[in-house]
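The values are calculated or read from the model by the stated rules, or taken from the named source; none is laboratory data. Note that the coordinates shown come from a computational prediction; the quantities given were computed from them, not determined experimentally. Cβ atoms come from the backbone with ideal geometry, glycine included; neighbour counts cover every protein chain shown.
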Amino acid sequence: MKIGILKERKNPPDRRVVLSPKKCTTLLKTYPQLEIKVESSDSRFFSDEDYRNEGIDVVNDISDCDVLLGVKEVPIDSLIPNKKYFYFSHTIKKQKYNRNLLKVILAKSIEHYDHETITDKNNIRLVAFGKYAGIVGAYNAFRTFGLKFNLFELPKGEVLHDQKMLIDELKKLKLPAIKVVITGKGRVGNGAKEMLDGMQMREVTVDEFLTHTFEETVYVQIDVLDYNKRKDGIVKDENDFFNNPQDYKSDFMRFAKVADLYISAHFYGIGAPYIFTREDAKSPDFNIKVVADISCDVDGPVASTIRSSTIEDPIYGYNPKTEQEVNFMDKDAIAVMAVDNLPCELPKDASEGFGESFAKNVIPAFFNNDEDGVLQRAKMTENGKLTERFSYLQDFVDGK
């Protein structure tokens with residue numbers, strides 16, 4: 001079987017890759033019947049020479065490969081008919097801007113597997129970049145705080161080599177006694193927590209965060225039942241929240257009254273309450289001055305995220321009174337960092353971590369007859385049609 005690693009063609013080019021050179025070498029030793037080719041690229045973090053040094057073929061044409069691996073969407077005119085592709089297509093939520101991509105995937109009889117659809121039997125995702133979004137997002141949160149209050153200037157994350165270098169920069173900071181709140185305890189939230197723990201920031205309980213004053217910087221990481229409550233006041237478990245989000249309302253304002261910096265690292269489900277609204281942000285009790293919205297749902301649960309930002313220009317200001325974008329240095333502005341492709345700032349660590357998961361959870365399925373059903377669950381299209389699991393996208397494809 002031949003696997004081809006695609007050159008990333010989306011603009012701006014992504015520097016990440018599914019399999020690092022060393023991971024390719026490990027796989028070739030594990031599966032003697034496997035062949036790997038790498039499409040030449042001058043934009044990825046790992047150079048052509050890095051792959052050649054590991055004995056991996058670097059070529060200009062990978063059309064003879066059976067399976068093609070990429071990160072971002074493959075441009076329509078670069079799609080090869082009748083191939084198996086793995087990449088983030090950003091279509092499973094019926095994203096309008098990629099409707100034509102899905103139509104062409106079907107028209108070219110491509111067997112498409114989306115990284116987002118690679119799950120275990122319990123529908124838990126097996127490969128993701130979320131941890132690295134959390135790592136970079138937390139770093140950018142403090143970079144934003146330093147710029148907002150003219151306290152310090154951290155270098156951009158993209159110029160640093162790995163997570164250790166990010167943490168080393170954060171350790172140099174002399175922060176005032178501020179309170180930091182993180183929403184989310186999944187991959188993204190725990191990635192952010194790694195950074196705060198790495199810079200040796202003190203973690204406190206919800207009760208301590210809400211009621212105590214500290215002489216040092218502290219943080220709290222909260223989950224859905226900490227920042228949401230049932231409208232009827234009855235206390236139930238997380239499953240009730242996930243199954244009946246309409247019965248809940250936000251309880252985040254109790255944190256917003258005492259927090260200075262907010263790191264949004266949660267997954268937002270359809271029908272769940274907004275974490276804070278534009279009206280909440282207008283309240284004189286709303287104390288948060290910096291929001292690092294890693295989740296980046298525009299015009300969604302974090303009211304200050306009125307647009308996504310970019311690695312090149314990551315920060316903007318939100319004026320709660322006017323609900324408009326302003327300079328983030330304005331005294332009335334909440335400084336917002338809402339970059340929607342944060343793992344791109346840490347391409348080495350993100351690629352190595354993603355590749356580790358992909359090699360462990362996906363590659364074996366090619367050689368064990370997909371005994372765990374990983375490929376079957378992830379397959380979106382086959383023979384020019386949507387698979388049964390993704391048949392809900394048919395009206396989207398049809399433009400209805």
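Here's the yes/no breakdown for (1) modelled with pLDDT of 95 or more; (2) under 19 Å from Ala138 (Cα atoms); (3) in contact with a strand residue (DSSP E or B) (Cβ under 9 Å, 6 or more places away or on another chain); (4) not assigned by TED's automatic domain parsing to the domain that holds Gly137:
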{"position": "Phe286", "(1), (2), (3), (4)": "yes, no, yes, no"}
{"position": "Ser304", "(1), (2), (3), (4)": "yes, yes, yes, no"}
{"position": "Ile311", "(1), (2), (3), (4)": "no, yes, yes, no"}
{"position": "Gly317", "(1), (2), (3), (4)": "yes, yes, yes, no"}
{"position": "Pro320", "(1), (2), (3), (4)": "yes, no, yes, no"}
{"position": "Val326", "(1), (2), (3), (4)": "yes, no, yes, no"}
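Within segment 359-389, the residues that satisfy the criterion of being within 18 Å of Lys121 (Cβ to Cβ), in a helix (DSSP H, G or I) and in contact with a Lys or Arg (Cβ under 8 Å, 6 or more places away or on another chain) are Arg377, Arg389. Ile334 meets the conditions (1) surrounded by 14 or more Cβ atoms within 10 Å (Cβ to Cβ); (2) over 22 Å from the mean Cα position of the chain (by Cα); (3) under 30 Å from Asn123 (Cβ atoms) in every case but one. The failed one is (3).
State the number of residues belonging to segment 309-331 that are under 18 Å from Glu158 (Cα atoms) and surrounded by 17 or more Cβ atoms within 10 Å (Cβ to Cβ). Counting residues in segment 309-331 that are under 18 Å from Glu158 (Cα atoms) and surrounded by 17 or more Cβ atoms within 10 Å (Cβ to Cβ) gives 4.
Going through segment 256-291 one residue at a time, which ones are under 24 Å from the mean Cα position of the chain (by Cα), within 19 Å of Lys231 (Cβ to Cβ) and not β-branched (Val, Ile, Thr)? Matches in segment 256-291: Tyr268, Gly269, Gly271, Ala272, Pro273, Tyr274, Phe276.
Yes/no matrix, rows are residues, columns are (1) in contact (Cβ under 8 Å) with a residue 24 or more places away in the chain; (2) closer than 24 Å to Ile311 by Cβ; (3) buried (at least 21 other Cβ atoms within 10 Å of the Cβ):
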residue: Met1; (1), (2), (3): yes, no, no
residue: Lys22; (1), (2), (3): yes, no, no
residue: Leu27; (1), (2), (3): yes, no, no
residue: Leu68; (1), (2), (3): yes, no, yes
residue: Val74; (1), (2), (3): yes, yes, yes
residue: Tyr85; (1), (2), (3): yes, no, yes
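Only one of (1) at pLDDT below 95; (2) surrounded by 13 or more Cβ atoms within 10 Å (Cβ to Cβ) fails for Lys93. Which number is that? It is condition (2) that Lys93 fails.
Of everything listed in (1) closer than 23 Å to Asp280 by Cα; (2) surrounded by 12 or more Cβ atoms within 10 Å (Cβ to Cβ); (3) free of Cβ contacts under 8 Å to residues at least 60 places away in the same chain, the single unmet condition for Val204 is (1). Residues that are within 23 Å of Ser89 (Cβ to Cβ) and surrounded by 13 or more Cβ atoms within 10 Å (Cβ to Cβ) within segment 50-65 comprise Ile62, Cys65, listed in sequence order. Of Glu356, Glu371, Glu382, all but one fail to be in contact with an Asp or Glu (Cβ under 7 Å, 6 or more places away or on another chain) and either assigned by TED's automatic domain parsing to the domain that holds Val71 or within 17 Å of Asp114 (Cα to Cα) (or both); the exception is Glu382.
Does Tyr51 qualify as being under 24 Å from the mean Cα position of the chain (by Cα) and either among the small types (Gly, Ala, Ser) or not in a loop (DSSP other than H, G, I, E, B) (or both)? So Tyr51 does not fit the description; no.
Among the residues making up segment 295-350, those that are part of a helix (DSSP H, G or I) and in contact with a helix residue (DSSP H, G or I) (Cβ under 7 Å, 6 or more places away or on another chain) are Leu342, Pro343, Glu345, Asp349, Ala350.
Here Phe286 fulfils each of the conditions (1) assigned to a loop (DSSP other than H, G, I, E, B); (2) crowded, with 23+ Cβ neighbours inside 10 Å; (3) of a type in the set (A, V, I, L, M, F, W, C) apart from (2). Quick check, is Ser47 of a type outside the set (D, E, K, R), under 30 Å from Asp168 (Cβ atoms), touching a residue at least 24 places away in the same chain (Cβ under 8 Å) and surrounded by fewer than 19 Cβ atoms within 10 Å (Cβ to Cβ)? Taking the combined requirement at face value, the residue does not satisfy it.
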